[in-house]
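What follows is a single structure, and I will ask about it in a moment.
Please treat every number below as a calculation from the coordinates, not as lab data. A quick note: this is a predicted structure, and the numbers were derived from the prediction, not measured. Don't worry about glycine lacking a Cβ; one is built from the backbone with ideal geometry, like all the others, and counts go over all protein chains shown.
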Amino acid sequence: MHNENQPLIFELSKSGRVGYSLPELDVEEVSLEEVIPSDYLRTEDADLPEVSELDIMRHYTALSRRNHGVDSGFYPLGSCTMKYNPKINENVARIAGFAHVHPLQEEETAQGAMELLFDLQEHLKEITGMDEVTLQPAAGAHGEWTGLMMIRAYHEANGDFNRTKVIVPDSAHGTNPASATVAGLETITVKSDENGLVDLEDLKRVVDSDVAALMLTNPNTLGLFEQHILEMASIIHDAGGKLYYDGANLNAVLSKARPGDMGFDVVHLNLHKTFTGPHGGGGPGSGPVGVKEDLIPYLPKPVLVKTDTGYHFDYNRPQSIGRVKPFYGNFGINVRAYTYIRSMGPDGLKAVTEYAVLNANYMMRRLEPFYDLPYKQHCKHEFVLSGRRQKKLGVRTLDIAKRLLDFGYHPPTIYFPLNVEEAIMIEPTETESKETLDEFINIMIQIAKEAEENPEIVQEAPHYTVVKRLDETTAARKPILRFEKQ
Ligand SMILES: *Cc1c(COP(=O)(O)O)cnc(C)c1O
């Protein structure tokens with residue numbers, strides 16, 4: 001990487017240098033004291049860097065080149081779907097009518113934006129096989145919590161106040177038990193069997209009249225499709241519970257299978273994963289929730305409806321769990337997802353799944369001779385290797401991840417899921433070419449060989465990055481917040 005010694009912006013600073021030029025003042029000058037109460041005024045000048053426009057331009061451009069994103073390199077982060085974000089989405093989201101619409105505008109003046117949202121809901125209903133969809137939740141975990149609050153409201157409306165347990169398999173995404181807790185429910189864990197799937201006997205053992213719901217991540221965090229969903233659905237429904245589908249990773253089943261047809265009562269989607277919204281870094285997400293008929297009364301309000309007089313927000317929902325997000329979700333992300341669905345069309349969305357699954361299986365089988373593969377069956381959109389063979393050679397999964405940085409890759413997810421020793425969880429995504437997959441596979445093979453022949457090179461990686469190996473504990477506990485002037 002070039003520009004090893006990129007100075008801090010404060011080090012570039014030269015007293016009196018400015019990055020702007022303003023015309024002569026042509027109105028009467030007003031002193032700050034006249035407009036701002038003195039209590040709020042600084043007593044000393046703020047310590048800001050003083051640089052020219054060109055200096056600052058180059059500074060941030062250089063910094064941006066050190067960043068890793070989907071647009072700059074392969075990013076096989078399992079459980080997160082870091083796939084390419086088509087630029088047509090950005091063009092559409094920037095159309096003035098969408099970009100400048102104000103959330104407090106009168107409904108009559110925002111009919112086009114509301115039509116887009118309504119239409120998106122209709123597409124998501126079709127895609128998931130559900131009866132109604134809300135676009136309010138801002139992320140996947142937020143959707144989970146919203147869905148569980150609806151399930152809770154449903155049971156309480158039936159006088160079922162003792163349904164407080166949510167069954168979550170140990171192969172679920174980590175947000176599932178967290179959402180159950182935040183929704184005021186108790187999590188009961190069911191074990192996986194030797195194939196990495198929910199153990200039906202263990203499930204039967206924990207199901208009782210106090211079950212509110214089963215939350216299923218499908219494919220589970222091992223990237224495996226749960227084989228016994230219909231049995232699980234009848235076990236839970238017979239006990240009076242509801243079925244929740246964590247559909248964050250819908251690119252594994254999109255256009256092939258629908259949660260609604262499998263017996264699920266609630267599903268959330270991650271538009272910032274499957275439907276190409278950019279994410280990461282805590283940016284805006286969108287976690288729509290779809291429900292079956294008997295949960296519709298509990299949807300967050302307002303509900304976006306279409307009537308003879310156009311699109312409206314319906315607040316007259318006496319059984320609603322209430323509002324879960326200001327306004328109506330993250331509009332910009334919803335515009336991007338809508339653009340994606342419309343530009344792909346039904347055949348395109350089917351190809352998404354086929355390539356996501358093909359790419360993951362191709363990579364898994366090519367890496368299988370070099371890394372341990374704890375679960376041997378075909379995977380869906382992602383797979384989990386174990387670095388235990390390399391660990392015996394003194395090379396940990398963390399070292400392998402660091403070594404990948406030397407080759408310009410964002411490492412996969414590591415040490416998750418917890419039930420796999422030295423886990424390496426890879427999601428290639430459907431948007432990568434075979435050449436990109438092959439290059440990454442070859443580097444992974446090279447690292448496995450290095451672990452055998454020259455382990456230090458892996459243990460001491462990265463060697464070619466701007467910042468070498470960090471002491472992660474100190475970096476987390478004592479982040480350097482700013483440069484102190486000498
Ligand atoms: C990413 C993910 C979530 C959580 O989504 P956020 O938008 O990060 O809150 C939940 N479940 C699964 C399976 C996921 O992959």
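Taking Cα pairs under 8 Å and at least six residues apart, what relative contact order does the range 355-474 come out at, in percent?
30 percent
Something else about it: On full extension of the chain, what length is gained from Leu470 through Glu456, given 0.36 nm per residue of separation minus the C-alpha to C-alpha distance?
3.4 nm
Between the DSSP loop rule and a limit of at most 16 other Cβ atoms within 10 Å, which trypsin sites (Lys or Arg not before Pro) in the range 285-323 are left?
Arg323
Go ahead and run the numbers for FRET between His100 and His378, Cβ-Cβ distance against an R0 of 51 Å, rounding to 0.05. All intermediate terms of the calculation are to be shown ahead of the outcome.
Numbers: r = 47 Å, r/R0 = 0.93.
Between His100 and His378 the formula returns 0.60.
Given R₀ = 51 Å, what would the calculated FRET efficiency be for Tyr315 paired with Asp347, taking r from the Cβ atoms and rounding to 0.05?
0.85
Also: What percent do you get for the relative contact order of the chain when only Cα pairs under 8 Å and 6+ apart count?
18 percent
For the range 84-112 and the range 166-208, write down the distance between their C-alpha centroids in whole Å.
40 Å
Can you pick out the pairs among Lys125/Lys380; Lys402/Lys434; Lys292/Lys350; Lys402/Lys478; Lys273/Lys468 whose Cα atoms lie more than 26 Å from each other?
Over 26 Å apart, Cα to Cα: Lys273/Lys468.
I'd like to compare 181-188, 10-17: which one has the highest average count of other Cβ atoms within 10 Å, and what's the full order after that?
Result, highest mean first: 181-188, 10-17.
Using +1 at the Cβ of each Lys and Arg and -1 at the Cβ of each Asp and Glu in the chain, identify which of Gly78, Ala213, Gly277 lies farthest towards the dipole's positive end.
Farthest towards the positive end: Gly78.
Let me ask you something else. Could you tell me the distance between the Cα centroids of the range 229-271 and the range 1-60, to the nearest Å?
That distance is 55 Å.
Helices from the chain with mean Kyte-Doolittle at least -1.0 and a Cα length along the axis of 24 Å or more, per DSSP H: which?
Once both thresholds are applied, what remains is 111-128, 140-157, 331-367, 434-453.
Taking loop as defined by DSSP and a crowding limit of 14 other beta carbons within 10 Å, which chymotrypsin sites (Phe, Trp or Tyr not before Pro) in the range 117-216 fit?
In loop regions of the range 117-216 (DSSP not H, G, I, E or B), the sparsely surrounded chymotrypsin sites (Phe, Trp or Tyr not before Pro) are Phe161.
When the chain is fully extended, how far beyond the present Cα-Cα distance does Glu50 get from Ser31, taking 0.36 nm per residue of separation?
Between Glu50 and Ser31, full extension yields 4.6 nm more.
Assign one of three labels to the chain, namely rounded, prolate or oblate, based on the Cα gyration tensor with a ≥ b ≥ c the square roots of its eigenvalues; rounded applies when a/c is under 1.5, prolate when it is not and a/b is larger than b/c, and oblate otherwise.
Judged from the Cα gyration tensor, the chain comes out oblate (a/c at least 1.5, b/c at or above a/b).
Can you find, among Leu135, Pro103, Tyr311, the residue sitting farthest towards the positive end of the charge dipole of the range 87-343, where Lys and Arg contribute +1 and Asp and Glu -1 at Cβ?
Checking the options against the dipole of the range 87-343, the answer is Pro103.
May I ask you to list the aspartates and glutamates whose Cα is less than 12 Å away from that of Lys242, ignoring any residue fewer than eight positions away on the same chain?
Counting by Cα, and skipping residues close in sequence, Lys242 has these aspartates and glutamates nearby: Asp210, Asp265, Asp294.
Still on this structure, please answer the following. Taking a ≥ b ≥ c as the square roots of the eigenvalues of the Cα gyration tensor of the range 388-479, is the shape rounded (a/c under 1.5), prolate (a/b larger than b/c) or oblate?
Taking the square roots of the gyration eigenvalues as a ≥ b ≥ c, the range 388-479 is rounded.
Post the alpha-carbon centroid distance, the range 65-82 to the range 407-439, in whole angstrom.
For the range 65-82 versus the range 407-439, the Cα centre distance is 10 Å.
Right, next: Please get the size of the charge dipole for the chain, origin at its Cα centre, with Cβ charges of +1 on Lys and Arg and -1 on Asp and Glu, quoted in debye to the nearest 20.
1140 debye
Just subtract the alpha-carbon distance of Leu230 and Glu293 from 0.36 nm times their residue separation and send over the number in nm, one decimal.
20.8 nm
Lys391: which aspartates and glutamates have alpha carbons under 12 Å from its alpha carbon, excluding same-chain residues fewer than 8 sequence positions away?
The reachable aspartates and glutamates, counting only those whose Cα sits under 12 Å from Lys391, are Asp372, Asp399, Glu421, Glu422, Glu452.
On to the next question. Count neighbours as other Cβ atoms within 10 Å of each site's Cβ, and list the chymotrypsin sites (Phe, Trp or Tyr not before Pro) in the range 387-482 that are DSSP loop with at most 13 such neighbours. Working shown, then result.
Numbers: sites: Phe407, Tyr409, Tyr415, Phe440, Tyr464; in loops: Phe407, Tyr409, Tyr415, Tyr464.
Those satisfying the criteria are Tyr464.
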